[in-house]
Amino acid sequence: MRMRVALFVTCLVDNFYPRVAESMVRILNSCGVEVEFPPEQTCCGQPAFNSGYAQQARVVGRTLLEAFADFDYVVSPSGSCAGMVHHHYPSLFDADPDETRSARELVPKTYEFSQFLVHVLGVTDLGAFFPHRVTYHPSCHGSRLLGVKEEPLQLLAGVRGLDLVPLPHAEDCCGFGGAFAVKMPEISTAMATEKADWVTETGAEVLVGTDMGCLMNIGGRLRHMGRSVRVMHLAELLHEGMEQGRG
Amino acid sequence: MTGVGAGAKDTTTISGRSHAALADDFLRAAVRFTTDRLKDRKRGATEELGRWEEWRERGRAIRSHTVANLDHYLRQFVANARAAGAAVHFAADAQEASAAVLGIVQEKQATLVAKSKSMVSEEIHINSRLEEHGVRVVETDLGEYIIQLAHETPSHIIIPAIHKTREQIKDLFTHDGGQDLGTDTKALVAFARSKLRETFLAADIGMTGCNFGIAESGSVVLFTNEGNADMVSALPKTHIVVMGMERVLPTFADLEVMANLLPRSATGQKVITYMSVITGPRRAREVSGPTELHIVILDNGRSSQLGDAEFQDVLNCIRCGACLNVCPVYRHVGGHAYGSVYPGPIGAVLTPLLLQGEEFADLPNASSLCGACYEACPVKIPLHDMLVALRRRAAQRKAKPGGVRVDRERVAWSGYATLFAKPGRYRLVTRVARIVQAPLARDGYIESTFGPLVGWTGSRHAPALAPEPFRDRFSRMKQDVKVARQNDGKAAESDPR
C-alpha cells in the first residue's frame with residue numbers, strides 16, 4: 001500500500017511564503033512521494049496557545065485533527081508548528097476522548113520537513129548544487145522542542161558547491177516568539193538586531209533556516225537595516241539547488 | 001500592551017523598565033561579556049564530566065522527589081537540626097522572617113551584622129529592615145559588597161554585580177576608600193579584603209543563606225567561592241541562617257549529585273571552592289564556631305505551589321542562574337528590568353507565583369519561549385511551559401468577575417478562533433486581507449509605521465501576503481513523482497502502516 005503523505009503547510013507559509021511549500025512538494029516528488037493537501041487545515045493554534053488562550057487554540061487546532069486523520073505522515077515546513085503538535089496537543093485535547101485519541105495519533109506521524117527527509121525517506125543527498133556562501137540559523141522550537149539539530153546540517157552537507165559558514169551565537173533566539181514581538185517590541189528588536197549583526201558578520205550571501213516565522217523576523221530586520229543577505233527556507237534552497245544541479 | 005515609545009517613564013512593567021536598560025550600552029556589554037563567559041565555561045565543565053543529560057535527570061529526580069515529600073523531609077531536617085542544638089524558626093512570609101531575624105539581633109544587642117551572599121535574604125529585604133533599627137549590615141561577598149556600595153540590588157542570582165564594569169567598580173571603591181585604586185583586579189580585591197576582614201572580626205552576628213539543608217543530619221550546607229561564608233558563620237558569636245523551605249535534600253548522597261550540578265551550571269566550575277557543612281552551633285569540646293545557631297525557614301508563597309501540577313516543579317530550583325546566562329531576553333535587558341529579587345526566566349516564573357502582585361503580572365510575557373532556559377536547567381524545570389501556564393492563568397483571571405471589563409487580547413484571539421476554526425472563513429478572511437493590503441504592499445513588503453502591529457513594523461520590513469495562497473496554487477500543481485530515490489541505501493523502506 002502506498003503511503004499517504006499530507007502537507008501541513010502552516011498558515012504563515014500558506015499565505016506569505018507559498019514558494020516554500022511548492023519547493024517541499026517538488027522535493028518530495030523527486031523522492032518518490034506524492035503529496036496531498038487536505039484543505040481542512042488552517043493553523044495549529046500556537047499563537048493563541050502561547051498567549052494563554054488555550055480554548056481559542058483548541059478551536060483552531062481541531063482543523064488539524066480533522067485534516068490529517070487519514071494520513072500516514074504529516075510533513076510541515078515549520079519545526080515550531082510541528083513542535084506545537086508534539087509538545088502540546090495531547091494535553092490541549094485531553095478533555096474529549098475522541099479528540100485525545102486523534103491528537104495522540106497525530107503526534108508520531110507529524111514531522112518537520114528535514115526530519116522527514118532524513119529519518120523517514122533516508123535522504124540526505126538530493127543532488128543539489130548551490131555555489132554560495134551560506135549560514136544556518138537553527139530555530140529554537142525545531143531544535144529544542146522537536147530535537148531537530150543535525151538533520152538540516154546533513155542536508156546542507158549534501159549540497160555541492162555550498163560553503164557553510166558557522167553563525168556565531170547560532171542557538172540564541174532571533175526574538176520573534178509570535179506575539180512576543182508585538183508585546184515586547186523593544187526587547188524583540190534588540191534580539192533581532194543582534195541576530196542580524198551576526199548573520200552579516202559571517203559574510204554569507206544566504207541565510208537558511210527551517211522556520212519561516214524566524215526567517216520572516218530576521219529577514220525583516222536585515223532588510224530594515226539595509227543588509228542585502230538573501231533569506232531562504234531550507235526547502236527553497238534545496239529545490240533551487242536541485243534545479244541548478246540538473247541544469 | 002506597551003507600544004514602542006510608551007516605555008520611557010513606565011516603571012510598572014518589564015517593557016517599561018527594560019527601556020532604560022536597552023539604552024545602557026555599558027550594562028548590555030557587561031552582561032553579554034559575563035554571560036558568554038559563563039556559558040562557555042559551563043559547556044566545558046559539563047562536556048568534561050560527560051553524560052550530562054543523565055546527571056540532569058538524576059538532579060531532577062532527587063529534587064522532584066524531595067519537593068513531593070517536602071513535609072516529611074522538612075520535619076526530619078528540623079528535628080535533626082534541633083537535636084544538634086540549632087534553634088529553628090518558621091516564617092510564613094517575608095515580614096515574619098525579617099521580624100524573626102530582627103528579634104534575634106535585638107536580643108543580642110547587636111550593632112554589626114556580617115552577611116554572606118543570599119538571595120532569600122534579599123527576598124525578605126532584611127538589610128533595610130535592620131538598618132531602620134540602627135543595625136549596620138555589611139555584605140561580604142565581593143559582588144554583593146559592590147552592590148551595597150552602589151546602593152543597588154543584585155541583578156543576577158550568582159553574579160550580583162554582573163551589570164557593573166570594572167571602571168564603575170573602581171569608582172565605587174575609590175569613593176569608599178578615599179584613594180584612587182586603579183582598575184587592577186588585585187588592587188581592588190585587596191582593598192575589599194582588608195575592609196571585610198575588619199567586619200568579620202567585629203561583627204556580632206553572621207548571617208547566611210542556605211544552599212541545601214540535609215534532612216538526615218539537620219546540617220546547613222553553604223557553597224561559596226570566596227570563603228566568606230565560613231568567616232561569617234564561624235567568627236561571630238551568633239549565626240543566623242535564612243533558608244527557603246524547599247531547600248532540603250534527603251541525604252548526603254543527594255548532596256553529591258547537587259555538588260556536581262550546581263557549580264558546573266552556575267559558573268562552569270568542576271567543584272565549588274568552599275563547601276561548608278554546618279551541623280548545630282559550637283559543641284563543648286570545639287574551639288571555634290558560633291555559640292548560637294538560628295535557622296529561619298521561609299515559606300513566602302512556596303507552599304502554595306505544592307500540589308499544583310503545573311508549578312510544583314518550580315521548587316526544584318537550586319538557584320544556579322544557568323537560565324539567566326542563556327536567556328536572550330536577560331542578555332539584552334539585564335536583571336533589574338525584571339523589577340524583582342529573582343530575575344531571568346526563573347524570576348519571570350517564580351516572582352508572579354510567590355508575590356502575585358499586579359506589578360509582576362507581565363513578567364511571563366517577557367519571553368520568546370525559546371526554551372533555552374529549560375535546556376540549561378540542571379534540574380529540568382520546564383520554565384517555558386510554566387511561562388505559558390502563567391499567561392493562561394492571567395487570561396483566566398481577566399475573564400473572571402472583578403477582572404478587566406474588556407480584555408482586548410481575548411477579543412482578538414476569539415476573533416482569530418472564529419475565523420480560523422473553519423477553512424471557508426479562513427479563506428475568505430485571507431482573501432479580504434490581500435485586497436486590503438494591496439495599496440500598502442511594495443515589492444513584496446509592507447512598509448507601515450502605524451496600525452496594531454507597529455511594534456513589529458516599526459523596526460522590520462513585514463512581508464506582504466502572497467498574491468495567491470498555496471492552497472489555491474496546489475490544486476493546479478501537477479506532481480511529477482519520480483521512482484523512489486535510494487541514494488542513502490535505506491530510502492523509503494519505512495513501513496507506511
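Please work out if residue A:37 is more than 30 Å from residue B:363 (Cβ to Cβ), facing another protein chain (nearest Cβ under 7 Å), touching a helix residue (DSSP H, G or I) at 6+ places or on another chain (Cβ under 6 Å) and surrounded by fewer than 23 Cβ atoms within 10 Å (Cβ to Cβ).
Details: more than 30 Å from residue B:363 (Cβ to Cβ): yes; facing another protein chain (nearest Cβ under 7 Å): yes; touching a helix residue (DSSP H, G or I) at 6+ places or on another chain (Cβ under 6 Å): yes; surrounded by fewer than 23 Cβ atoms within 10 Å (Cβ to Cβ): yes.
Yes; evaluated as a whole, the condition is true for this residue.
When you check residue B:407 against the structure, is it crowded, with 19+ Cβ neighbours inside 10 Å, acidic (Asp, Glu) and not assigned by TED's automatic domain parsing to the domain that holds residue B:262, yes or no?
Details: crowded, with 19+ Cβ neighbours inside 10 Å: no; acidic (Asp, Glu): yes; not assigned by TED's automatic domain parsing to the domain that holds residue B:262: yes.
Against the criterion (crowded, with 19+ Cβ neighbours inside 10 Å, acidic (Asp, Glu) and not assigned by TED's automatic domain parsing to the domain that holds residue B:262), residue B:407 does not qualify.
Each row is one residue, and each column tells you yes or no for (1) in contact with a strand residue (DSSP E or B) (Cβ under 6 Å, 6 or more places away or on another chain); (2) polar (S, T, N, Q); (3) without any contact (Cβ under 8 Å) to a residue 24 or more places away in the chain.
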residue: B:30; (1), (2), (3): no, no, no
residue: B:36; (1), (2), (3): no, no, yes
residue: B:43; (1), (2), (3): no, no, no
residue: B:46; (1), (2), (3): no, yes, no
residue: B:50; (1), (2), (3): no, no, yes
residue: B:64; (1), (2), (3): no, yes, no
residue: B:70; (1), (2), (3): no, no, no
residue: B:78; (1), (2), (3): yes, no, no
residue: B:81; (1), (2), (3): yes, no, no
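In region B:460-472, how many are modelled with pLDDT of 90 or more and in a loop (DSSP other than H, G, I, E, B)?
Residues that pass the stated criteria total 6.
Can you tell me which residue among A:52, A:61 is within 12 Å of chain B (Cβ to nearest Cβ) and more than 20 Å from the chain's Cα centre (by Cα)?
Details: A:61 fails: more than 20 Å from the chain's Cα centre (by Cα).
One residue alone meets the criteria, A:52.
State which residue pairs qualify: first residue at the interface with another protein chain (Cβ under 9 Å from one of its Cβ atoms) and inside region A:10-24, second residue basic (Lys, Arg) in any location, beta carbons under 8 Å apart, and separation of 6 or more residues or different chains.
A:14/B:471; A:18/B:473; A:22/B:473
Looking only at region B:369-414, which residues are more than 8 Å from chain A (Cβ to nearest Cβ), among the hydrophobic types (A, V, I, L, M, F, W, C) and part of a loop (DSSP other than H, G, I, E, B)?
B:377, B:379, B:381, B:404, B:406
Restricting to region B:473-488, and then to whatever is within 7 Å of chain A (Cβ to nearest Cβ) and farther than 18 Å from residue A:18 by Cβ, can you tell me which residue is modelled with the lowest pLDDT? Please lay out each step first, then the result.
Of region B:473-488, the ones within 7 Å of chain A (Cβ to nearest Cβ) are B:473-474, B:477, B:479-485, B:487-488.
Restricting the remaining residues to those that are farther than 18 Å from residue A:18 by Cβ gives B:480-485, B:487-488.
Working: B:480: 88, B:481: 90, B:482: 84, B:483: 78, B:484: 67, B:485: 55, B:487: 49, B:488: 46.
Among them, the one singled out is B:488.
Would you mention how many residues in region A:166-199 are assigned to a loop (DSSP other than H, G, I, E, B) and either more than 8 Å from every other protein chain (Cβ to nearest Cβ) or under 26 Å from residue B:10 (Cβ atoms) (or both)?
Restricting attention to region A:166-199, the residues satisfying the condition of being assigned to a loop (DSSP other than H, G, I, E, B) are A:166-179, A:184.
Next, only the ones that are either more than 8 Å from every other protein chain (Cβ to nearest Cβ) or under 26 Å from residue B:10 (Cβ atoms) (or both) stay: A:166-170, A:173-179, A:184.
Residues that pass the stated criteria total 13.
Can you work out which of the residues in region A:72-110 that are hydroxyl-bearing (Ser, Thr, Tyr) and within 11 Å of chain B (Cβ to nearest Cβ) is nearest to residue A:154 (Cα to Cα)?
Ranking the candidates gives A:80 first.
Pairs, please: C-beta under 7 Å, at least 6 apart or cross-chain, first residue assigned by TED's automatic domain parsing to the domain that holds residue B:146 and in region B:166-186, second charged (D, E, K, R)?
Going by the 7 Å Cβ cut-off, the qualifying pairs are B:174/B:180; B:181/B:170; B:182/B:170; B:183/B:166; B:183/B:167; B:183/B:170.
If you go through region B:310-368, how many residues are among the hydrophobic types (A, V, I, L, M, F, W, C) and not in a helix (DSSP H, G or I)? Steps first, answer last, please.
Here is the first cut: in region B:310-368, the ones among the hydrophobic types (A, V, I, L, M, F, W, C) are B:311, B:314-315, B:317-318, B:320, B:322-324, B:326-327, B:329, B:333, B:337, B:341, B:346, B:348-350, B:353-355, B:360-361, B:363, B:366.
From what's left, not in a helix (DSSP H, G or I): B:311, B:317-318, B:320, B:327, B:341, B:361, B:366.
Adding up the residues that qualify gives 8.
The values are calculated or read from the model by the stated rules, or taken from the named source; none is laboratory data. Owing to the predicted nature of the structure, the values given are computational and were not obtained by experimental measurement. Because the Cβ atoms are built from the backbone with ideal geometry, glycine has one as well, and the counts that use them run over all protein chains shown.
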